[in-house]
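The values are calculated or read from the model by the stated rules, or taken from the named source; none is laboratory data. Bear in mind that the values here come from a model prediction, so they are computed numbers and not experimental data. Cβ coordinates were reconstructed from backbone atoms using ideal geometry, including for glycine residues, and neighbour counts include every protein chain displayed. Heads up: the accessible areas ignore ligands, DNA and RNA and are worked out on the full protein's heavy atoms, side chains in. Shrake-Rupley method; radii C 1.70, N 1.55, O 1.52, S 1.80 Å.
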Amino acid sequence: MEEISLHYAPRETGWIEIICGCMFSGKTEELIRRLRRAEIARQNLAIFKPRIDKRYSDDHIVSHSDERLKSIVVDSAAEILSLSAGAQVVGIDEGQFFGPELVDVCESLATAGKRVIVAGLDQDFRGKPFEPIPQLLAVAEYITKTLAICVVCGNPADRTQRKTHQGERVLVGAKDIYEARCRKCFVPPPD
Ligand code: ZN
């Protein structure tokens, strides 16, 4: 989907954009692309990621293709609110790790006139909706679903297949633990 053109961007109000999809679908890459363009437009940015994600680099958001952008690591969604005071554009990566309070935080930021862009997984490793992304989709003005490529058959892929049998919902890793699969090739874990 097309990024909203600045010509048609809402005026005198903020809004919420969500970039969601499975792992390896380019969510962070797309987030970085939008934030870079806002930076070129000389807008003030505040970029956040949750402390849980220690992959690759501590204070940057980093895509699988190694694009990176300086960010602030926070422990809770509430911190985003207090650290965004001077920002016109707020970027949040790995939104699925912030829990339900992220919804109210994004709503407050957008209502205060800020453009809020959240990237996150919309399904967990069982193929179930991953809160709070579904709730954010309901209140967002703009939604982009990014698809990966199924490693089994080459179809567009929207599921994250876990290659181990560990049962916890949050298990941080990349290609060693996860791969992208389509609906046909995805095998849900046993209950
Ligand atoms: Zn497939």
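Enumerate cysteines in the chain without a disulfide-compatible partner, where compatibility requires another Cys Cβ under 4.7 angstrom.
Taking the Cβ cut-off of 4.7 Å, the unpaired cysteines of the chain are CYS20, CYS22, CYS106, CYS153, CYS185.
Give the lysines whose C-alpha is closer than 27 Å to that of LYS128, dropping any in the same chain fewer than 8 places away, or say none.
LYS27, LYS49, LYS54, LYS145, LYS163, LYS175, LYS184
Please report the antiparallel percentage of the DSSP beta bridges confined to the chain, to the nearest 5.
The antiparallel proportion sits near 30 percent.
Could you work out which residue, out of SER65, SER84, SER108, moves most in a Gaussian network model of the chain, that is, has the largest mean-square fluctuation with Cα springs under 10 Å?
Largest GNM mean-square fluctuation: SER65.
Calculate one ³J(HN,Hα) per residue across segment 83-90 by plugging θ = phi - 60° into the Karplus curve 6.51 cos²θ - 1.76 cosθ + 1.60, and present them in order as whole Hz with x for glycine and proline.
8, 9, 3, x, 8, 8, 10, 10
Checking the a/c ratio against 1.5 first, then a/b against b/c, what shape does the Cα gyration tensor give for segment 15-148?
Note, shape of segment 15-148 comes out rounded.
Using alpha carbons only, how many degrees (0 to 90, rounded to 10) separate the axis of helix 27-40 from the longest principal axis of the chain?
20 degrees
Could you work out the helix-only [θ] at 222 nm for the chain, with each DSSP H run of four or more residues adding -39,500 (n - 2.57) and the total divided by the number of residues, to the nearest 500 deg cm²/dmol?
It lands at -6000 deg cm²/dmol.
Only four residue types carry charge here, +1 at the Cβ of Lys and Arg and -1 at the Cβ of Asp and Glu. Report the dipole size of segment 15-148 about the Cα centre in Debye, rounded to the nearest 20.
380 debye
Cα axis of helix 101-111 to longest principal axis of the chain: angle in degrees, 0 to 90, nearest 10?
On a 0 to 90 degree scale, this one is about 30.
Tell me the per residue accessible area of the chain using a 1.4 Å probe; a whole number in Å² is fine.
Spelled out: the 1.4 Å probe surface of the chain, per residue, equals 51 Å².
Quantify, in whole percent, the carbon and sulfur part of the accessible surface of the chain (1.4 Å probe; protein heavy atoms only).
That fraction is 52 percent.
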